[in-house]
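A.B. asks: Have a look at this one.
The values are calculated or read from the model by the stated rules, or taken from the named source; none is laboratory data. For clarity, every value in this text was computed on a predicted model and none was experimentally measured. Methodologically, a virtual Cβ is constructed for each residue, glycine included, from the backbone with ideal geometry; neighbour enumeration extends over all protein chains shown.
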Amino acid sequence: MTDTQRWRARIAGSSKRVRVYLRGRLVGDTLRPLLVWEVPYYPTYYVPFVDISADLEPNGGSEHHDGRGTATGYDVVVDGLRAEGAAVRYADSAYPDLKDAVRLEFGAFDWFEEDEPIFVHPRDPYSRVDILASSRNVRVEVDGVTVADSSSPRILFETGLPARYYLPLPDVRMDLLTPSDTHSSCPYKGTADYWHVEVEGAEHRDIVWIYRTPLPESQKIAGLACFYNEKVDIFVDGVLQERPDTPFS
């Protein structure tokens, strides 16, 4: 595969209607958004320039990428509101689909696919999340101490990530857990709260999480606890699982 082919494989069109708002003011509305994988793990949206209704004011910023070219930075201005440095455009890109589109900083705006809000980043159309009930026994050890033991896990399978074992709270040693102030967000599952685990005086920070009110497609894991495979020892039907090397939940 040539460099050009490899780069083109990281751009995909979408048939979803995508709308972008800045504090209730419409910034863009498109029926032909582009999904661009600027990093390997998830895409971001580019909106065709002609579908941007806000003003883009050059702010002197720029960035260069060997695949995309050189971008000009813009402030996004609509109805007197300004999002500084919230847009870039690769107007000199060798790729027409990028040349005529604008990347809007995801976190600076409110985003909708059709009439549903999306969070964190666009969902990857090539990724899938399956949550399956299981009768396999899952036992979790931290420093040799069993902190969870369940024969009714829900196993979450997400493309490109290790299986995650979500366990009912009655099967978890809650006396060893202390609440954390850490929270994280996932576009597929929602917002997670975390716990630390303390075993024999040693604190293991943020190694357990729970989605108390997950997004509709992930309701099966509501109220269940999940331990970082990377940071604990997990036994499935008595077999110790290899720790994965990915840090993503």
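A.B. asks: What residue, among those in the stretch 163-204 that are touching a residue at least 60 places away in the same chain (Cβ under 8 Å) and touching an Asp or Glu at 6+ places or on another chain (Cβ under 8 Å), is farthest from Ser134 (Cα to Cα)?
C.D. replies: His204
A.B. asks: Then there's this: Quick check, is Thr159 farther than 20 Å from Tyr42 by Cα and under 23 Å from the mean Cα position of the chain (by Cα)?
C.D. replies: The answer is no for Thr159.
A.B. asks: Further question: Of all residues in the stretch 192-212, which are among the β-branched types (Val, Ile, Thr) and either in the same structural domain as Gly107 (by TED's automatic domain parsing) or touching a Lys or Arg at 6+ places or on another chain (Cβ under 8 Å) (or both)? Don't jump to the end; show me each part of the working.
C.D. replies: Here is the first cut: in the stretch 192-212, the residues among the β-branched types (Val, Ile, Thr) are 197, 199, 207-208, 210.
Within the stretch 192-212, Ile207 is the sole residue that qualifies.
A.B. asks: Give the residue, chosen from Asp149, Asp175, that is assigned to a helix (DSSP H, G or I), more than 22 Å from the chain's Cα centre (by Cα) and at pLDDT 95 or above.
C.D. replies: That would be Asp175, the only listed residue that is assigned to a helix (DSSP H, G or I), more than 22 Å from the chain's Cα centre (by Cα) and at pLDDT 95 or above.
A.B. asks: Name the strands (runs of 3 or more DSSP E) wholly inside the stretch 4-78 in which the number of residues that are over 18 Å from Leu98 (Cα atoms) and touching a Phe, Trp or Tyr at 6+ places or on another chain (Cβ under 9 Å) is 1 or more.
C.D. replies: Values: elements: 11-13, 18-22, 25-30, 34-36, 44-48, 55-65, 69-78.
Hits in the stretch 4-78: 18-22, 25-30, 55-65, 69-78.
A.B. asks: Looking at the stretch 185-192, is at least one residue surrounded by fewer than 19 Cβ atoms within 10 Å (Cβ to Cβ) and either under 18 Å from Glu230 (Cβ atoms) or more than 27 Å from the chain's Cα centre (by Cα) (or both)? Walk me through it before giving the result.
C.D. replies: Going through the stretch 185-192, the residues surrounded by fewer than 19 Cβ atoms within 10 Å (Cβ to Cβ) turn out to be 185, 187-188, 191.
Next, from what is left, pick out any that are either under 18 Å from Glu230 (Cβ atoms) or more than 27 Å from the chain's Cα centre (by Cα) (or both): none.
Among the residues of the stretch 185-192, not one is surrounded by fewer than 19 Cβ atoms within 10 Å (Cβ to Cβ) and either under 18 Å from Glu230 (Cβ atoms) or more than 27 Å from the chain's Cα centre (by Cα) (or both), which makes the answer no.
A.B. asks: Does Val47 meet the test of being touching a helix residue (DSSP H, G or I) at 6+ places or on another chain (Cβ under 8 Å) and surrounded by 18 or more Cβ atoms within 10 Å (Cβ to Cβ)?
C.D. replies: When the stated conditions are applied, Val47 does not pass them.
A.B. asks: Moving to a separate point now. Report whether or not Ala83 is more than 23 Å from Tyr41 (Cα to Cα) and over 26 Å from the mean Cα position of the chain (by Cα).
C.D. replies: Against the criterion (more than 23 Å from Tyr41 (Cα to Cα) and over 26 Å from the mean Cα position of the chain (by Cα)), Ala83 does not qualify.
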